[in-house]
Amino acid sequence: MLYQVSKIQKRFLSIMVLLAIVLNTKATPRDSLAPTPPMGFMTWNKYEENINEQLIRQIADKMATDGYAAAGYKYIFIDDAWQGGRDKRNNIIPDPKKFPSGMKALADYVHSRGLLLGIYSDAAQLTCAGYTGSYDFEEQDAKTFAEWGIDYLKYDYCHAPSDSAVAHKRYKKMGDALQNSGRKMALGICEWGQLNPEKWAHQAGGSLWRISYDVRDMWKDIVKQGGMGILDIINIAEPLYTYAGPGHWLDMDMLIVGLDGKGGPSSDLGGIGCSYTEYQTQMSMWCMFASPLAMSHDILNENEATRRILLNKEIIAINQDALGDAARRINYPGTCRIYLRKLSGNRQALAIMNPSDKPQRLQFPLSIIGKEAQYTLKDVWEHTTTRPQKTWKGTLQPHETKVFIVKAPQITI
(Lines give C-alpha, C1' and ligand atoms only; values in the text may rest on other atoms or scores of the structure.)
Protein backbone atom coordinates (compact mmCIF):
# COMPACT_ATOMS: atom_id res chain seq x y z
CA MET A 1 0.00 0.00 0.00
CA LEU A 2 2.84 2.39 0.87
CA TYR A 3 4.51 1.59 -2.47
CA GLN A 4 1.31 2.33 -4.37
CA VAL A 5 0.84 5.71 -2.65
CA SER A 6 4.46 6.65 -3.35
CA LYS A 7 4.04 5.74 -7.01
CA ILE A 8 0.91 7.87 -7.28
CA GLN A 9 2.66 10.76 -5.58
CA LYS A 10 5.59 10.55 -7.96
CA ARG A 11 3.30 10.50 -10.98
CA PHE A 12 1.34 13.47 -9.60
CA LEU A 13 4.53 15.46 -9.03
CA SER A 14 5.75 14.68 -12.55
CA ILE A 15 2.47 15.91 -14.00
CA MET A 16 2.63 19.07 -11.91
CA VAL A 17 6.20 19.82 -13.04
CA LEU A 18 5.26 19.35 -16.69
CA LEU A 19 2.19 21.53 -16.21
CA ALA A 20 4.31 24.26 -14.60
CA ILE A 21 6.69 24.19 -17.55
CA VAL A 22 3.83 24.46 -20.03
CA LEU A 23 2.13 27.30 -18.14
CA ASN A 24 5.33 29.20 -17.45
CA THR A 25 7.40 28.73 -20.58
CA LYS A 26 9.06 32.12 -20.10
CA ALA A 27 10.64 31.14 -16.78
CA THR A 28 14.39 30.47 -16.75
CA PRO A 29 16.84 29.42 -14.02
CA ARG A 30 18.28 32.93 -14.22
CA ASP A 31 15.01 34.28 -12.86
CA SER A 32 16.12 33.11 -9.41
CA LEU A 33 18.90 35.72 -9.48
CA ALA A 34 16.45 38.61 -8.96
CA PRO A 35 13.12 37.19 -7.73
CA THR A 36 12.18 40.72 -6.62
CA PRO A 37 13.47 44.01 -8.06
CA PRO A 38 17.07 44.67 -6.93
CA MET A 39 17.53 47.54 -4.49
CA GLY A 40 20.70 49.43 -3.65
CA PHE A 41 22.88 52.47 -4.24
CA MET A 42 24.43 53.42 -7.61
CA THR A 43 27.48 55.67 -7.73
CA TRP A 44 27.06 57.55 -11.03
CA ASN A 45 24.68 60.44 -10.37
CA LYS A 46 26.45 61.69 -7.27
CA TYR A 47 30.07 60.68 -7.81
CA GLU A 48 30.51 60.16 -11.58
CA GLU A 49 34.18 59.17 -12.10
CA ASN A 50 35.22 60.22 -8.59
CA ILE A 51 35.00 56.79 -7.02
CA ASN A 52 37.46 54.76 -4.97
CA GLU A 53 37.55 51.86 -2.54
CA GLN A 54 37.40 54.08 0.55
CA LEU A 55 34.19 55.69 -0.69
CA ILE A 56 32.58 52.30 -1.41
CA ARG A 57 33.50 51.11 2.08
CA GLN A 58 31.97 54.24 3.61
CA ILE A 59 28.77 53.71 1.65
CA ALA A 60 28.68 50.07 2.72
CA ASP A 61 29.08 51.07 6.37
CA LYS A 62 26.32 53.66 6.03
CA MET A 63 23.90 51.24 4.40
CA ALA A 64 24.60 48.48 6.91
CA THR A 65 24.22 50.61 10.03
CA ASP A 66 21.70 53.29 9.10
CA GLY A 67 18.63 51.34 8.07
CA TYR A 68 19.12 50.88 4.34
CA ALA A 69 20.20 47.25 4.34
CA ALA A 70 17.39 46.40 6.77
CA ALA A 71 14.91 48.11 4.43
CA GLY A 72 16.02 45.93 1.48
CA TYR A 73 18.76 48.00 -0.18
CA LYS A 74 21.30 45.20 -0.52
CA TYR A 75 23.44 46.24 -3.50
CA ILE A 76 26.19 48.77 -4.03
CA PHE A 77 26.41 49.29 -7.78
CA ILE A 78 29.83 50.58 -8.87
CA ASP A 79 29.15 52.39 -12.14
CA ASP A 80 31.59 53.49 -14.88
CA ALA A 81 35.20 54.64 -14.30
CA TRP A 82 36.50 51.87 -12.04
CA GLN A 83 38.57 50.25 -14.81
CA GLY A 84 42.36 50.39 -15.12
CA GLY A 85 42.70 48.66 -18.50
CA ARG A 86 43.97 45.11 -19.02
CA ASP A 87 47.08 43.30 -17.85
CA LYS A 88 49.53 41.31 -20.01
CA ARG A 89 47.10 38.39 -20.12
CA ASN A 90 44.23 40.67 -21.13
CA ASN A 91 42.55 40.31 -17.75
CA ILE A 92 40.54 43.42 -16.93
CA ILE A 93 41.92 45.22 -13.86
CA PRO A 94 40.66 48.00 -11.59
CA ASP A 95 42.33 51.40 -11.54
CA PRO A 96 45.27 50.84 -9.12
CA LYS A 97 45.01 54.38 -7.73
CA LYS A 98 41.27 54.20 -7.05
CA PHE A 99 41.24 50.57 -5.92
CA PRO A 100 44.75 49.73 -4.65
CA SER A 101 43.51 46.77 -2.60
CA GLY A 102 41.78 45.21 -5.61
CA MET A 103 38.17 44.36 -6.29
CA LYS A 104 38.16 41.03 -4.47
CA ALA A 105 39.16 42.68 -1.21
CA LEU A 106 36.48 45.30 -1.73
CA ALA A 107 33.83 42.68 -2.53
CA ASP A 108 34.83 40.75 0.58
CA TYR A 109 34.36 43.89 2.67
CA VAL A 110 30.96 44.68 1.14
CA HIS A 111 29.86 41.09 1.73
CA SER A 112 31.06 41.29 5.34
CA ARG A 113 28.59 44.13 5.84
CA GLY A 114 25.73 41.92 4.65
CA LEU A 115 25.57 43.57 1.23
CA LEU A 116 26.13 42.65 -2.42
CA LEU A 117 28.45 44.26 -4.97
CA GLY A 118 27.59 45.23 -8.52
CA ILE A 119 29.99 46.37 -11.21
CA TYR A 120 29.78 47.99 -14.65
CA SER A 121 30.95 47.27 -18.18
CA ASP A 122 29.91 47.87 -21.79
CA ALA A 123 29.08 45.74 -24.84
CA ALA A 124 31.74 47.56 -26.87
CA GLN A 125 35.47 48.18 -26.69
CA LEU A 126 34.94 51.33 -24.63
CA THR A 127 32.40 52.34 -22.00
CA CYS A 128 30.27 55.47 -22.08
CA ALA A 129 32.97 57.38 -20.19
CA GLY A 130 35.74 56.00 -22.40
CA TYR A 131 37.09 53.23 -20.16
CA THR A 132 37.78 49.59 -21.02
CA GLY A 133 34.69 47.64 -22.14
CA SER A 134 34.05 43.89 -22.41
CA TYR A 135 33.31 43.32 -26.10
CA ASP A 136 35.23 40.23 -27.33
CA PHE A 137 36.29 39.51 -23.74
CA GLU A 138 32.93 38.39 -22.37
CA GLU A 139 34.00 34.95 -21.09
CA GLN A 140 37.26 36.23 -19.67
CA ASP A 141 35.67 39.21 -17.94
CA ALA A 142 32.79 37.16 -16.55
CA LYS A 143 35.28 34.73 -14.98
CA THR A 144 37.26 37.65 -13.56
CA PHE A 145 34.12 39.17 -12.06
CA ALA A 146 33.27 35.77 -10.57
CA GLU A 147 36.74 35.45 -9.04
CA TRP A 148 36.35 38.87 -7.47
CA GLY A 149 33.00 37.91 -5.93
CA ILE A 150 30.82 40.25 -7.96
CA ASP A 151 27.05 39.72 -7.67
CA TYR A 152 25.64 41.90 -10.45
CA LEU A 153 26.76 43.38 -13.77
CA LYS A 154 25.32 46.57 -15.25
CA TYR A 155 26.09 46.19 -18.96
CA ASP A 156 25.87 49.38 -21.00
CA TYR A 157 25.59 49.87 -24.78
CA CYS A 158 27.61 52.98 -25.67
CA HIS A 159 29.72 52.79 -28.86
CA ALA A 160 27.80 49.69 -30.02
CA PRO A 161 25.77 49.21 -33.23
CA SER A 162 22.21 50.55 -33.14
CA ASP A 163 20.67 47.31 -34.35
CA SER A 164 18.31 45.21 -32.24
CA ALA A 165 19.62 41.86 -33.51
CA VAL A 166 23.21 42.86 -32.77
CA ALA A 167 22.25 44.10 -29.30
CA HIS A 168 20.49 40.82 -28.57
CA LYS A 169 23.54 38.87 -29.71
CA ARG A 170 26.00 40.91 -27.68
CA TYR A 171 23.92 40.79 -24.52
CA LYS A 172 23.25 37.09 -24.86
CA LYS A 173 26.97 36.47 -25.20
CA MET A 174 27.59 38.20 -21.88
CA GLY A 175 24.53 36.59 -20.31
CA ASP A 176 25.84 33.14 -21.26
CA ALA A 177 29.31 34.06 -20.02
CA LEU A 178 27.94 35.03 -16.63
CA GLN A 179 25.91 31.84 -16.55
CA ASN A 180 29.07 29.81 -17.22
CA SER A 181 31.30 31.74 -14.83
CA GLY A 182 30.72 29.53 -11.81
CA ARG A 183 29.11 32.35 -9.80
CA LYS A 184 25.54 33.62 -9.67
CA MET A 185 25.55 37.14 -11.11
CA ALA A 186 22.48 39.03 -12.25
CA LEU A 187 22.68 40.92 -15.55
CA GLY A 188 21.29 44.43 -15.85
CA ILE A 189 20.83 45.30 -19.52
CA CYS A 190 21.38 49.03 -20.08
CA GLU A 191 20.39 49.53 -23.72
CA TRP A 192 18.02 52.46 -22.91
CA GLY A 193 14.90 50.89 -24.45
CA GLN A 194 15.41 52.13 -28.00
CA LEU A 195 15.87 48.64 -29.50
CA ASN A 196 12.79 47.07 -27.87
CA PRO A 197 14.62 45.06 -25.19
CA GLU A 198 11.29 43.96 -23.73
CA LYS A 199 11.11 41.55 -26.68
CA TRP A 200 14.54 39.92 -26.23
CA ALA A 201 16.34 41.00 -23.05
CA HIS A 202 14.90 38.26 -20.85
CA GLN A 203 15.87 35.57 -23.33
CA ALA A 204 19.35 37.10 -23.53
CA GLY A 205 19.80 36.51 -19.82
CA GLY A 206 18.76 39.88 -18.45
CA SER A 207 17.34 40.07 -14.94
CA LEU A 208 16.24 43.60 -15.80
CA TRP A 209 16.49 46.03 -18.67
CA ARG A 210 16.38 49.77 -19.03
CA ILE A 211 13.36 51.23 -20.82
CA SER A 212 14.55 54.81 -21.36
CA TYR A 213 17.48 57.13 -21.70
CA ASP A 214 19.09 58.32 -18.45
CA VAL A 215 16.84 59.93 -15.88
CA ARG A 216 17.48 63.61 -15.11
CA ASP A 217 16.68 65.53 -11.96
CA MET A 218 13.42 67.03 -13.25
CA TRP A 219 9.69 66.39 -13.36
CA LYS A 220 9.49 66.31 -17.15
CA ASP A 221 11.44 67.33 -20.22
CA ILE A 222 10.61 70.92 -21.15
CA VAL A 223 13.86 71.88 -22.89
CA LYS A 224 13.50 69.10 -25.50
CA GLN A 225 17.15 68.07 -25.48
CA GLY A 226 16.50 64.38 -24.97
CA GLY A 227 16.55 64.25 -21.17
CA MET A 228 14.13 62.03 -19.28
CA GLY A 229 12.15 63.38 -16.35
CA ILE A 230 10.05 61.43 -13.86
CA LEU A 231 6.83 61.82 -15.85
CA ASP A 232 8.53 61.00 -19.16
CA ILE A 233 9.69 57.63 -17.83
CA ILE A 234 6.30 56.87 -16.28
CA ASN A 235 4.76 57.46 -19.72
CA ILE A 236 7.19 54.97 -21.28
CA ALA A 237 6.57 52.35 -18.58
CA GLU A 238 2.77 52.43 -18.77
CA PRO A 239 2.27 50.13 -21.81
CA LEU A 240 5.11 47.74 -20.84
CA TYR A 241 3.67 46.36 -17.60
CA THR A 242 3.01 42.88 -19.01
CA TYR A 243 6.76 42.30 -19.54
CA ALA A 244 7.65 42.57 -15.85
CA GLY A 245 7.60 39.60 -13.51
CA PRO A 246 9.64 37.65 -10.95
CA GLY A 247 13.24 37.58 -12.15
CA HIS A 248 12.80 39.99 -15.08
CA TRP A 249 12.03 43.64 -14.44
CA LEU A 250 11.50 46.93 -16.23
CA ASP A 251 14.35 49.21 -15.14
CA MET A 252 13.16 52.83 -14.97
CA ASP A 253 16.69 53.99 -14.08
CA MET A 254 18.03 55.48 -10.87
CA LEU A 255 16.06 57.16 -8.13
CA ILE A 256 16.81 60.88 -8.15
CA VAL A 257 15.23 61.35 -4.72
CA GLY A 258 17.28 63.84 -2.70
CA LEU A 259 19.57 65.02 -5.50
CA ASP A 260 18.17 68.55 -5.19
CA GLY A 261 19.59 69.74 -8.51
CA LYS A 262 23.13 69.86 -7.15
CA GLY A 263 25.00 69.01 -10.32
CA GLY A 264 26.38 65.84 -11.82
CA PRO A 265 24.95 63.94 -14.79
CA SER A 266 21.40 64.23 -13.50
CA SER A 267 21.59 68.02 -13.89
CA ASP A 268 22.29 67.82 -17.63
CA LEU A 269 19.60 68.39 -20.27
CA GLY A 270 17.32 70.44 -18.06
CA GLY A 271 17.79 68.67 -14.73
CA ILE A 272 17.19 71.60 -12.41
CA GLY A 273 15.94 69.58 -9.43
CA CYS A 274 12.56 68.45 -8.14
CA SER A 275 10.26 69.16 -5.24
CA TYR A 276 9.91 66.50 -2.57
CA THR A 277 6.33 65.95 -3.73
CA GLU A 278 7.80 65.00 -7.12
CA TYR A 279 10.48 62.84 -5.53
CA GLN A 280 7.77 61.03 -3.57
CA THR A 281 5.88 60.46 -6.81
CA GLN A 282 8.99 58.93 -8.35
CA MET A 283 9.35 56.53 -5.44
CA SER A 284 5.64 55.72 -5.60
CA MET A 285 5.51 54.95 -9.29
CA TRP A 286 8.85 53.11 -9.44
CA CYS A 287 7.41 50.85 -6.72
CA MET A 288 4.07 50.49 -8.49
CA PHE A 289 5.79 49.42 -11.72
CA ALA A 290 8.12 47.01 -9.86
CA SER A 291 11.24 48.82 -11.05
CA PRO A 292 14.61 48.23 -9.43
CA LEU A 293 15.34 50.90 -6.82
CA ALA A 294 18.85 52.36 -7.18
CA MET A 295 19.43 55.36 -4.93
CA SER A 296 21.87 57.94 -6.27
CA HIS A 297 21.83 60.87 -3.82
CA ASP A 298 24.51 62.02 -1.38
CA ILE A 299 23.88 59.12 0.96
CA LEU A 300 26.69 60.16 3.30
CA ASN A 301 25.16 63.63 3.84
CA GLU A 302 21.41 63.21 3.41
CA ASN A 303 18.44 65.01 4.92
CA GLU A 304 15.44 63.58 6.75
CA ALA A 305 13.03 64.35 3.91
CA THR A 306 15.06 62.06 1.65
CA ARG A 307 15.21 59.30 4.26
CA ARG A 308 11.45 59.52 4.84
CA ILE A 309 10.83 58.72 1.18
CA LEU A 310 13.53 56.11 0.63
CA LEU A 311 12.97 54.19 3.88
CA ASN A 312 9.17 53.97 3.79
CA LYS A 313 8.68 50.27 4.45
CA GLU A 314 5.10 50.22 3.18
CA ILE A 315 5.92 51.55 -0.29
CA ILE A 316 8.99 49.29 -0.46
CA ALA A 317 6.76 46.32 0.37
CA ILE A 318 4.71 47.09 -2.74
CA ASN A 319 7.86 47.14 -4.85
CA GLN A 320 9.09 43.86 -3.36
CA ASP A 321 5.76 42.01 -3.38
CA ALA A 322 6.35 38.36 -4.24
CA LEU A 323 3.62 38.25 -6.88
CA GLY A 324 5.80 40.43 -9.11
CA ASP A 325 3.04 42.14 -11.08
CA ALA A 326 3.57 45.67 -12.40
CA ALA A 327 0.86 48.32 -12.23
CA ARG A 328 -1.56 48.91 -15.08
CA ARG A 329 -3.36 52.16 -15.75
CA ILE A 330 -7.14 52.18 -15.39
CA ASN A 331 -9.07 53.96 -18.11
CA TYR A 332 -10.87 56.73 -16.24
CA PRO A 333 -11.78 60.22 -17.48
CA GLY A 334 -10.15 63.33 -16.12
CA THR A 335 -6.73 64.80 -15.56
CA CYS A 336 -5.59 62.46 -12.80
CA ARG A 337 -4.36 58.96 -13.55
CA ILE A 338 -5.33 55.82 -11.66
CA TYR A 339 -3.11 52.73 -11.48
CA LEU A 340 -3.70 49.29 -9.97
CA ARG A 341 -1.16 46.66 -9.02
CA LYS A 342 -2.18 43.18 -7.93
CA LEU A 343 -0.47 42.11 -4.70
CA SER A 344 -0.18 38.85 -2.82
CA GLY A 345 -2.69 38.09 -0.08
CA ASN A 346 -5.80 39.10 -2.05
CA ARG A 347 -4.78 42.76 -2.02
CA GLN A 348 -4.09 45.51 -4.51
CA ALA A 349 -2.09 48.71 -4.56
CA LEU A 350 -3.95 51.76 -5.83
CA ALA A 351 -2.04 54.83 -7.00
CA ILE A 352 -3.65 58.14 -7.96
CA MET A 353 -1.34 60.61 -9.71
CA ASN A 354 -1.86 64.23 -10.65
CA PRO A 355 0.49 64.91 -13.61
CA SER A 356 -0.77 68.47 -14.08
CA ASP A 357 0.57 71.76 -12.77
CA LYS A 358 -2.65 72.59 -10.89
CA PRO A 359 -4.42 71.00 -7.88
CA GLN A 360 -7.06 68.47 -8.90
CA ARG A 361 -10.20 67.47 -7.02
CA LEU A 362 -11.19 63.89 -7.78
CA GLN A 363 -13.98 61.50 -6.84
CA PHE A 364 -14.47 58.04 -8.29
CA PRO A 365 -16.26 54.78 -7.39
CA LEU A 366 -14.04 52.04 -6.00
CA SER A 367 -15.94 49.61 -8.21
CA ILE A 368 -13.28 50.36 -10.83
CA ILE A 369 -11.07 48.00 -8.85
CA GLY A 370 -13.17 45.17 -10.22
CA LYS A 371 -16.04 44.52 -7.87
CA GLU A 372 -18.67 46.84 -6.49
CA ALA A 373 -18.17 46.55 -2.75
CA GLN A 374 -16.76 48.38 0.21
CA TYR A 375 -13.00 48.64 0.47
CA THR A 376 -10.55 49.55 3.19
CA LEU A 377 -7.78 51.87 2.03
CA LYS A 378 -4.47 52.15 3.86
CA ASP A 379 -2.52 55.27 2.87
CA VAL A 380 1.13 54.16 2.67
CA TRP A 381 2.48 57.73 2.93
CA GLU A 382 0.18 59.07 5.65
CA HIS A 383 0.02 55.69 7.45
CA THR A 384 -3.72 55.97 8.02
CA THR A 385 -6.54 53.53 7.27
CA THR A 386 -10.09 54.39 6.22
CA ARG A 387 -13.29 52.70 7.21
CA PRO A 388 -14.82 50.50 4.50
CA GLN A 389 -16.12 52.74 1.71
CA LYS A 390 -17.45 52.63 -1.83
CA THR A 391 -15.90 55.81 -3.22
CA TRP A 392 -12.68 57.76 -2.95
CA LYS A 393 -12.54 61.52 -3.04
CA GLY A 394 -9.78 63.98 -2.36
CA THR A 395 -7.53 66.71 -3.70
CA LEU A 396 -4.13 66.07 -5.19
CA GLN A 397 -1.53 68.80 -5.36
CA PRO A 398 0.42 69.33 -8.61
CA HIS A 399 2.58 66.27 -9.40
CA GLU A 400 1.42 64.47 -6.25
CA THR A 401 0.74 60.73 -6.08
CA LYS A 402 -1.29 59.03 -3.38
CA VAL A 403 -0.81 55.29 -2.83
CA PHE A 404 -3.13 52.93 -0.96
CA ILE A 405 -3.23 49.26 -0.07
CA VAL A 406 -6.74 48.09 -0.94
CA LYS A 407 -8.41 45.26 0.89
CA ALA A 408 -11.79 43.62 0.38
CA PRO A 409 -13.32 40.19 1.04
CA GLN A 410 -12.73 39.34 -2.62
CA ILE A 411 -10.96 41.26 -5.35
CA THR A 412 -11.47 40.37 -8.99
CA ILE A 413 -9.45 41.95 -11.75
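The values are calculated or read from the model by the stated rules, or taken from the named source; none is laboratory data. Predicted model, so just to flag it, every value in this text is computed and none were measured. Ideal geometry is used to build each Cβ from the backbone, glycine not excepted, and the neighbour counts take in all protein chains shown. These accessible areas exclude ligands, DNA and RNA; they are computed on the full protein's heavy atoms, side chains included. Shrake-Rupley method; radii C 1.70, N 1.55, O 1.52, S 1.80 Å.
Computed from label points 7 Å out along Cα-Cβ, the spacing between residue 136 and residue 224 is 4.2 nm.
Provide the net charge surrounding residue 330, with neighbours chosen by a C-beta distance below 12 Å and charges set as Lys +1, Arg +1, Asp -1, Glu -1. Summing Lys/Arg as +1 and Asp/Glu as -1 gives +3. Here the spin labels are modelled as points 7 Å beyond Cα on the Cα-Cβ line, and at residue 147 and residue 108 they lie 1.5 nm apart. Legend: helices of the chain (whole DSSP H runs) are marked when their alpha-carbon atoms reach 20 angstrom or more along the helix axis and their mean Kyte-Doolittle hydropathy is at least -0.5; marked are 2-23. For the chain, set up a GNM with springs between Cα atoms under 10 Å and report which of 308, 30, 210 has the largest fluctuation. Maximum fluctuation in the GNM of the chain, among the listed residues, is at 308.
Where Lys and Arg each count +1 and Asp and Glu each count -1, what net charge lies around residue 173 among other residues with Cβ under 9 Å from its Cβ?
Computed value for this residue: 0.
Put a dot 7 Å past the Cα of residue 302, heading toward its Cβ, do the same for residue 198, and the two dots end up 3.0 nm apart.
For the range 76-179, lysine pairs separated by 8 or more sequence positions, or belonging to different chains, with Cα-Cα distances below 16 Å total 6.
The dipole here belongs to the chain: it is taken about the Cα centre, uses +1 on the Cβ of Lys and Arg and -1 on the Cβ of Asp and Glu, and is about 1740 debye.
So what's the net charge close to residue 131: Lys and Arg +1, Asp and Glu -1, counting the other residues with Cβ under 10 Å from its Cβ?
Spelling it out: positives minus negatives among the neighbours equals -4.
On a per residue basis, the range 322-413 carries 51 Å² of accessible surface, using protein heavy atoms and a 1.4 Å probe.
Find the relative contact order for the chain and round it to a whole percent, using C-alpha pairs within less than 8 Å whose residues are 6+ positions apart. Before the final figure, lay out the partial values.
On the way: 890 pairs, mean separation 51.5, N = 413.
Relative CO of the chain lands at 12 percent.
The packing ranking of peptides 398-407, 97-106, highest mean first, is 398-407, 97-106, where packing means the average number of other beta carbon atoms within 10 angstrom of each residue. On a per residue basis, the convex hull of the C-alpha atoms belonging to the range 234-316 measures out at 109 Å³. Ordering 263, 336, 316 by the projection of their Cα atoms onto the charge dipole of the range 246-342, which places +1 on the Cβ of Lys and Arg and -1 on the Cβ of Asp and Glu, puts 336 at the extreme positive end.
Using packing as a proxy for protection, rank 275-281, 46-52, 220-226 so that the peptide with the highest average count of other Cβ atoms within 10 Å comes first. If you can, show how the numbers build up before the last one.
On the way: 275-281: 20.1, 46-52: 17.7, 220-226: 12.7.
Sorting 275-281, 46-52, 220-226 by mean packing, highest first, produces 275-281, 46-52, 220-226.
Along its principal axes, the range 178-335 has C-alpha extents of 43, 42, 34 angstrom, given from the largest down. When each of the peptides 263-271, 341-349 is scored by the mean number of other C-beta atoms lying within 10 Å of its residues, the order from highest to lowest reads 263-271, 341-349. Applying the criteria of a DSSP loop state and at most 16 other Cβ atoms within 10 Å to the trypsin sites (Lys or Arg not before Pro) of the range 355-385 yields 371. Cysteine residues of the chain whose C-beta has no other cysteine C-beta under 4.7 angstrom: 190, 274, 287, 336.
Heavy-atom surface analysis with a 1.4 Å probe gives the chain a carbon and sulfur content of 52 percent of its accessible area. In the chain, one over the average inverse separation of all distinct C-alpha pairs is 22.4 Å, which is the Kirkwood hydrodynamic radius.
Per residue, the convex hull spanned by the Cα atoms of the range 67-208 measures out at 114 cubic angstrom. Of the residues 293, 209, 244, the one whose Cα sits farthest toward the positive end of the charge dipole of the range 189-330, with +1 on the Cβ of Lys and Arg and -1 on the Cβ of Asp and Glu, is 244. Rounded to the nearest 500, the helix-only mean residue ellipticity at 222 nm of the chain stands at -8500 deg cm²/dmol, with each DSSP H run of n ≥ 4 adding -39,500 (n - 2.57).
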